[in-house]
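> This is the structure I have questions about; it appears just below.
The values are calculated or read from the model by the stated rules, or taken from the named source; none is laboratory data. Just so it is clear, the model here is predicted, and its values are computed rather than measured. Quick reminder, even Gly has a Cβ in these numbers, built from the backbone with ideal geometry, and neighbours come from all protein chains shown. For accessibility, only protein heavy atoms count, side chains too; no ligands or nucleic acids. Shrake-Rupley method; radii C 1.70, N 1.55, O 1.52, S 1.80 Å.
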Number of protein chains: 2
Amino acid sequence: MTTIFKNLVDVLHMVVFRVVRVDLSTQKITEEVYKEDLVRRFLGGRGLASYLALKEIPRGIDPYSPSNKLYIFAGPLSGLATLATSRITVVTKSPLTGSLTHTNAGGNFAYMLRKAGYEGIIVEGKAEEPVYILIKEGEVSIRPAKHIWGKWTGAATKALLEDAGFEGDERKAGVATIGPAGENLSRIAGIRFSDYERFAGRGGAGAVMGSKRLKGIVVWGTRDLYSLVVDRRRWIEESGKLAQRLANAGTSKALHTYGTNLLMNIINAVGGLPTRNFETGYFEEAEKISGEHIKQNYVAEVHGCAQCPIACTQMVEVKSGPYKFIGKAKYEYESTWSLGANLGNGNPEAVLKLIKLANELGFDTISLGNTLATAIELAKKGKLNIPLEWGDPAPLIDLVYKMAYRDGIGDDLAEGDYRLAMKYGEPEAFVGSRGQGFPAYDPRALKGFALSYVTANRGGDHLEAYSPTWEVLGVPEKVDPLCESPECIKKQVKLVVYAQHLMALSDSVTFCKFDTLDKDGLFERDLAHLFNVGFGWDVTPEELLTIGERIFNVERLFHVKEGRWVKDELPPRLRKEIPTGPAKGHSAVKMFEEGIKEYYAARGWVDGKPTYETLRRLGLEEFQHLL
Amino acid sequence: MTTIFKNLVDVLHMVVFRVVRVDLSTQKITEEVYKEDLVRRFLGGRGLASYLALKEIPRGIDPYSPSNKLYIFAGPLSGLATLATSRITVVTKSPLTGSLTHTNAGGNFAYMLRKAGYEGIIVEGKAEEPVYILIKEGEVSIRPAKHIWGKWTGAATKALLEDAGFEGDERKAGVATIGPAGENLSRIAGIRFSDYERFAGRGGAGAVMGSKRLKGIVVWGTRDLYSLVVDRRRWIEESGKLAQRLANAGTSKALHTYGTNLLMNIINAVGGLPTRNFETGYFEEAEKISGEHIKQNYVAEVHGCAQCPIACTQMVEVKSGPYKFIGKAKYEYESTWSLGANLGNGNPEAVLKLIKLANELGFDTISLGNTLATAIELAKKGKLNIPLEWGDPAPLIDLVYKMAYRDGIGDDLAEGDYRLAMKYGEPEAFVGSRGQGFPAYDPRALKGFALSYVTANRGGDHLEAYSPTWEVLGVPEKVDPLCESPECIKKQVKLVVYAQHLMALSDSVTFCKFDTLDKDGLFERDLAHLFNVGFGWDVTPEELLTIGERIFNVERLFHVKEGRWVKDELPPRLRKEIPTGPAKGHSAVKMFEEGIKEYYAARGWVDGKPTYETLRRLGLEEFQHLL
């Protein structure tokens, strides 16, 4: 595409999606522009990427084969307003689940990618020697990275930026990179994005990068993003009003003060804090690893993603004692749970140290904690011959290093919790769905998750429908997290389905989930308003939710195509009652068994699979051959 | 060589030295037999290897080039008696010092190598993909090791043994291997030898293996070693008498009970325990890391090398707390000093944890501690931007991992203390000679070391002449370690020169240094007796010491040939007075300045270089062109 046409597209305010496709086998670099009609069906991010993945990734391939593809996509709103819109989404065939995954991160990458001239990058093939991709003002090149291969994510980020001419400063350009975990093909390796240790963690996308010998991506440019809207002045005014509202929302202020880990005490108080590999839902030592305690003792800096009015990023440091580490670490609730409560570990310094390690070596913190929890359970059952104990974090530090370099028993752990539990004959020691471990909420105490975890397309996921929004925060309405009446189950199903569509939408726009936690947050009505003001569309909130539903079905079709994980299943451990704490005696069985029938009915699915009628309703007839 | 000739050599009791030469570039494997006349000039081990290295290694080559060679040599007495005779010596051009190094280890390797049919292995060239060498009953093969490359030394040892058919049990065969430190060419990487975590640590020989893509060597065989002596019955009787004497020596018993770390309190008591990178010679917390304290709290098993009557190997474990580690670790005084006192670290669990890490990742513990000490000093001077403190071991754990994988600042540290100090413009922060850091004795308080450290051919070394033998143990006579009178300096020079010859002899035989610590130990008279009884020789003790001198001069000639490190120099820090402790006010200047003149005179050297007359006296005229 010539520069003249590029500019013309901008001037005409056509909402197109510009992608650069990089084949690392042939070193061929091509530009593709997806036109407005496709954008109006799938937006960008997770939606458009999943659609392309369903069409392009051959059935049955090994996720590590050169035929696998990595879609690294921003969305039509990314970086375009002072809202929480700077998420970058990665879609690929996951080495962890063996089917489609999507995973996203904040920071400055999506913003810088768009300013560099592209909405998305598709990487395919496999380089002969380590490389990185540089996109600088629309110019794309594949550059040698042999001298950077092997570096941990912090040093790699710096080295990539230096090599690309940005003096090693990750505030100056967008960077994606992997650490040794990804290089050594750990199935739970994530991708680190600038700035401040952000991760597209789940599903092993970091290992897909590793398998392609792609150490990183650097993006930078100066495109004026406001040239993409029809009326710059009105856009700034209208998006500014929403930004004001979002900034003043209660949840925004709380997130800015404490970060996501303000949830630790809250979730423990309702008895839904998974403890010791989901043995129970209450952790006696939660207070010590809570957001409040860590804020007071370890938080050194607070930052935000590009153009975000919330700014929830909490950077911690541990400056003395045996778990002291050099530098600062970004930390979140999920990480603190997975490497704290779920390991019976109430030592905040040990938790933060493990998080720092995960960030540096390039692991998904959630799956890392899941895997260590599985390992401890196996050790205690005498299946693994290593002396591990709940609440004893010291030997875990070495284990994490061993995982990153696949040394000894670390080789088994690097395969993730699901394969570890199966290999040693203890399927119950894996607590998750579609091969991916569950996050920081016990679905026996927060029962919306009994549906949303198991139906999540990427497996073991809390972000495809975040039920504490209604169960804890009362948005859009308060639902008792423990109730199991037929009416309540109906209500949960309705809310889960709605949330799955809203989240698919957010991830495709791209919006941060924290836009949607508060009654004063941003929902489909606000998104419709933004699209209509920004791009001159005439979209309704309902149409947007249908886009969300279309995306969710596309993802499910990937499982159907692969013949893998189509059915939604509750893991055995959650069929037991919670033995202690505020939710004592509760299980997830009823909500799941009865809810899943309602859920399939609400979706127009049979046994986890869309019907032809459903595909037709959503304009997905082109995929009918997969049924 | 055919089997018939092999047997004939055995039957005739010819003392030959059988070597297999393996070229990893061409995969050519050849046998060489060095005849009795050469063995009578250089014995084996360090002596014969250094002679061959001087002749064979081209001048000026990069130690990592395929032209560098690794000599892995046993000696004529290795494994042949129930004495401490099972040392294996490695000689190569050192990536740390840039000149010749020799380094040796105990265990079962030398014994198994001889039983496999060889006294030595020479490795040259460079493999295309990782390999290991297998020697099984005289059959030598080069085998793929791509699946073992990357493993830490413990898992690698096991994997090599499994691959070779020994069920992963290092008591069944001899194994040499490197860890990530060697693979990633850290200049302070060692070679681990079976069994029980033994290391040929110093000089970076592990990195030379790494540069050749040689992950390991496995040796096993059943040759009857007694067939090598002229009279089996008399040999067993005579060597048995010496073994009895050695076993009953006071030092043997103490070493068996406490291991080498019984020295911690002793050396501290004389004010010679280098503390905080040789800032002073007295460590307030020495008791906590002493052999006595560690024996009581952390020693789990005691082992010995093949056929050793001393059995000094102390295996420790740390079973709880933040420095808990999985498995057991072999530990020594030098390691405990370097990762303890020299870092101001009085936490025994942290010390043992660092030792375990070094063993697993494949570092020389002494140089690792030297390098960390240099790093702390640079950090405290504001030259390195990382928060390191004396006595704060926590961040060092990560640093060691970073060194093994050359991540971030670890890349600089992996180069070793000398290059680290030079790069950051603080030459005084390196305390050593010939580019290698000094070990666990302060030459300002144990002044024999003011001569023996600096004149040691391999650099920064305590094992080419161990002056505490006379200064602390009074063998062969007691010398005040602090005295500086002209008579005392003369005595020190005499003893250092004698010890350098005796040690060169020991390392070539191969004998353990612990044979020579006690008045009831084994000295040149006993060695002569063993040779004469065993091989029908008529060698005198004096002739043996001359062999030691010949070897010592050959090593010095390597420096002369390279034009590197010929002159002996005292590092700047040791010119200052010790500021605290029992040796307060003492420096090493006088002993060095006056002693070195005497020393050169005693050797027949000028400015660190042998004269032609000296070469002729020692039968080394063939090297006169180097002068």
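> Could you tell me which of the residues B:K324, B:K288 is part of a helix (DSSP H, G or I) and either on the phi < 0 side of the Ramachandran plot or open to solvent by less than 30 Å² (accessible area, probe 1.4 Å) (or both)?
Of B:K324, B:K288, the one residue that is part of a helix (DSSP H, G or I) and either on the phi < 0 side of the Ramachandran plot or open to solvent by less than 30 Å² (accessible area, probe 1.4 Å) (or both) is B:K288.
> Can you confirm whether segment B:416-428 contains a residue that is touching a strand residue (DSSP E or B) at 6+ places or on another chain (Cβ under 6 Å) and within 12 Å of B:L339 (Cβ to Cβ)?
Among the residues of segment B:416-428, not one is touching a strand residue (DSSP E or B) at 6+ places or on another chain (Cβ under 6 Å) and within 12 Å of B:L339 (Cβ to Cβ), which makes the answer no.
> If you check every pair at least six apart or on different chains, which have Cβ atoms under 6 Å apart with a residue in segment A:310-336 that is under 30 Å from B:N347 (Cβ atoms) and within 8 Å of another protein chain (Cβ to nearest Cβ) first and a residue that is at pLDDT 95 or above and in a loop (DSSP other than H, G, I, E, B) second?
Close Cβ pairs (under 6 Å, with a partner that is at pLDDT 95 or above and in a loop (DSSP other than H, G, I, E, B)) amount to A:K324/A:V318; A:F325/A:V318.
> Out of all the residues in segment A:139-155, is one or more within 19 Å of A:N108 (Cα to Cα), away from every other protein chain (no Cβ under 14 Å) and among the hydrophobic types (A, V, I, L, M, F, W, C)?
yes
> Could you please tell me which pairs satisfy a Cβ distance under 7 Å, a separation of 6+ or placement on different chains, a first residue in segment B:405-421 that is within 16 Å of B:G204 (Cβ to Cβ), and a second residue that is among the aromatic types (F, W, Y)?
So the pair list comes out as B:D417/B:F430; B:Y418/B:F430.
To keep it simple, each residue is scored yes or no on (1) open to solvent by 10 Å² or more (accessible area, probe 1.4 Å); (2) part of a helix (DSSP H, G or I).
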{"site": "B:Q500", "(1), (2)": "no, yes"}
{"site": "B:F514", "(1), (2)": "yes, yes"}
{"site": "B:K519", "(1), (2)": "yes, no"}
{"site": "B:E543", "(1), (2)": "yes, yes"}
{"site": "B:E555", "(1), (2)": "no, yes"}
{"site": "B:V566", "(1), (2)": "yes, no"}
{"site": "B:E594", "(1), (2)": "yes, yes"}
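> Could you say whether any residue in segment B:91-98 is more than 15 Å from the chain's Cα centre (by Cα) and small (G, A, S)?
The answer is yes; a qualifying residue exists.
> On to the next question. If you check A:E471, A:E464, which single one turns out to be out of contact with any Ser or Thr (no Cβ under 9 Å at 6 or more places or on another chain) and either of a type outside the set (A, V, I, L, M) or in contact (Cβ under 8 Å) with a residue 24 or more places away in the chain (or both)?
When all the criteria are applied, what remains is A:E471.
> Right, here's the next one. If you check A:V33 against the conditions, is it of a type in the set (A, V, I, L, M), open to solvent by 30 Å² or more (accessible area, probe 1.4 Å), modelled with pLDDT of 90 or more and on the phi < 0 side of the Ramachandran plot?
Answer is yes for this residue.
> Need the failing condition index for A:N370 against (1) in contact with a Phe, Trp or Tyr (Cβ under 8 Å, 6 or more places away or on another chain); (2) within 14 Å of another protein chain (Cβ to nearest Cβ), just the number.
Failed condition: (2).
> Same structure again: Does A:L263 satisfy the criteria of being closer than 28 Å to A:T153 by Cβ and open to solvent by less than 10 Å² (accessible area, probe 1.4 Å)?
Spelling it out, it is not the case that A:L263 is closer than 28 Å to A:T153 by Cβ and open to solvent by less than 10 Å² (accessible area, probe 1.4 Å).
> Just for segment A:381-438: of the residues that are among the small types (G, A, S) and within 14 Å of chain B (Cβ to nearest Cβ), which one is surrounded by the fewest Cβ atoms within 10 Å (Cβ to Cβ)?
So, considering only residues that are among the small types (G, A, S) and within 14 Å of chain B (Cβ to nearest Cβ), the one surrounded by the fewest Cβ atoms within 10 Å (Cβ to Cβ) is A:G391.
> Is there a residue being closer than 25 Å to B:D398 by Cα and surrounded by 15 or more Cβ atoms within 10 Å (Cβ to Cβ) anywhere in segment B:301-316?
Within segment B:301-316, one or more residues are closer than 25 Å to B:D398 by Cα and surrounded by 15 or more Cβ atoms within 10 Å (Cβ to Cβ).
> A follow-up question, please. Could you list, in sequence order, the residues of segment A:38-58 that are part of a loop (DSSP other than H, G, I, E, B) and within 30 Å of A:E542 (Cβ to Cβ)?
A:L43, A:G44
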